[in-house]
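Chemist: The structure that follows is given in the form of structure tokens.
Nothing in this text is a laboratory measurement; each read-out follows from the coordinates by a stated rule. What you are looking at is a predicted structure, and each value in this text was computed from that prediction instead of being measured. Here the Cβ positions follow ideal geometry from the backbone for every residue, glycine too, while neighbour counts run over all protein chains shown.
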């Protein structure tokens, strides 16, 4: 009897990959997983990661004398206060150095071309802060690498919580030796005297005085590694091997290719069975995916998606729906410290074809298709999209239990008094469609009570963080949906969404007094983007719509009609994709 051939699920980074090298490749190169003589062999579908173009850093001046140092705040968590304290220390120690404290325009990931041009025109030096979250820390690194490309020496400041993250980002972006200075975490919420102590203290990672690190970053001559150019290829071995299936399970777990649970080993026979369910070639590229905006894309083929689908326990007939999810390029494991989760809603004939659950217990673990499709989405996001490496490509501070299955279910179209969700997004009723949402939390409402339902509806969303939001999705049992239509007059989902838009409000000061709002909504308002620009002009005692766009308030009917219950969620729709095109 032939030994089974196991197809390896990994395409992106895994827990065996760490800055600055890809440890898994070194272990393979050393022969640890060489299939020669192994009883069980595996095919590696990891694909070819993008080559890294090495970027030399900017030449350094021999000293700071006569130079202008720009301290640039990226607008996150006390960055301007911290830079102000560093600026004071600079003035005390380097009186001949001119310093300029500026706050970058826009959100922390946005470019500020005018400021970059000013710094370049004045041959300035750049100190940027503060890398304090899973998005702004890479943003600081990306901005500084861009300025290095323009010939501007930089000194990026990052908190210790994100040291591994920014090192991985700069390694993959081709500037692995960018000169970071690390500061204690957190900076947010700390008074100026504490931040001055940070400035006068030691860098906890590099184990040197922080000010010495900043000055050295700007003035120390480049070494050979920092001057390197060229292309770093990242070849991937085709075969791996192990002595037993148990050893393979240990390999999958240890390498971070699983969700913490045992997987169905993807033998060539199992993968081939799934490939029979699609007309697309095994080597066809399905798409690209990244765990967050500042990470790199990994591409993946039909076969590689099949490997992860097998691992999740998917039947062949589920495969087109899983391919449709993969084709969106949207990860189920977003790297934000906010601990996002994904939700998948399935519409159209494919629901009954796969025996999906849209009724009793549809949001729970009671249906194989719901569970396997949801799990496959998580595994392919982990293995094909380079995600879920703790500390580098996954930074969810607490994590989210919804990541296990990604809340996958079918809409109960047959019992709904309204048009299906996919029809609202422009598809035909007979199309089979998957829709992806991203959010964090659920808030439960017990009933649609005749006298108090309006206040209950508003109290329901008040359970979320009391800040402006762009997204709201209601998951409504068919009983509640019919009550809302027949008794309360909501004869369409759009009318219910409009009601929430008009009636869920926040006081003006609450709406604008939140750091995340400053980074996301306030820059849009300053640029004249509506309706935020008009909201900013309202009187101080005005009420502002919490959900600015009623079109971003979604309604999905799901449930078994045992009671008129429903959920409000902060999940927002991102994209819908056809299942039929992947058959």
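Chemist: Helix-only mean residue ellipticity at 222 nm, the chain, DSSP H runs n ≥ 4 weighted -39,500 (n - 2.57), per residue, nearest 500. What is it? If you can, show how the numbers build up before the last one.
Modeler: Details: 22 runs with 190 residues, N = 583.
Theoretical 222 nm ellipticity from helices: -9000 deg cm²/dmol.
Chemist: Counting other C-beta atoms within 10 Å, which of 473, 267 has the fewest, and how do the rest follow?
Modeler: By the 10 Å Cβ count, ascending, the order reads 267, 473.
Chemist: Also: Would you work out if segment 54-230 is rounded, prolate or oblate? Take a ≥ b ≥ c from the square roots of the eigenvalues of the alpha-carbon gyration tensor; rounded if a/c is under 1.5, else prolate when a/b is larger than b/c, oblate otherwise. Please list the in-between numbers first.
Modeler: Working: a/c = 1.28, a/b = 1.13, b/c = 1.13.
Rounded is the answer for segment 54-230, as its axis ratio a/c remains below 1.5.
Chemist: May I pose another question? Which of rounded, prolate, oblate describes the chain, given a ≥ b ≥ c as roots of the alpha-carbon gyration tensor eigenvalues and a/c under 1.5 marking rounded, otherwise prolate only if a/b is larger than b/c?
Modeler: In terms of gyration-tensor shape, oblate.
Chemist: Given 0.36 nm per residue, what is the gain on full extension from residue 51 to residue 537 after removing their alpha carbon distance, in nm?
Modeler: Working: separation 486, 0.36 × 486 = 174.96 nm, distance 4.84 nm.
Taking residue 51 through residue 537 to full extension adds about 170.1 nm, to one decimal.
Chemist: Can you give me the C-alpha center-to-center distance between segment 393-415 and segment 275-338, rounded to a whole angstrom?
Modeler: 16
Chemist: At a threshold of 8 angstrom on Cα-Cα distance, excluding pairs fewer than six apart, so keeping six or more, what relative contact order does the chain reach in percent?
Modeler: So the answer I get is 16 percent.
Chemist: For segment 485-554 and segment 104-129, what is the separation of their Cα centres, given in Å?
Modeler: Measuring centre to centre over Cα atoms gives 32 Å.
Chemist: Counting DSSP beta bridges with both partners in segment 54-230, what percentage is antiparallel, nearest 5?
Modeler: About 15 percent, rounded to the nearest 5.
Chemist: While we're here: Could you put 41, 88 in order, starting from the residue whose Cβ has the fewest other Cβ atoms within 10 Å? List each step's numbers first, then the result.
Modeler: On the way: 41 17, 88 14.
Ranked by crowding around the Cβ, least crowded first: 88, 41.
Chemist: Over the chain, what is the percentage of antiparallel beta bridges among all DSSP beta bridges, to the nearest 5?
Modeler: Once the DSSP bridges in the chain are tallied, antiparallel ones form about 55 percent.
Chemist: Sorted from fewest to most neighbouring beta carbons within 10 Å, what does the list 258, 335 look like?
Modeler: So the residues, fewest neighbours to most, are 258, 335.
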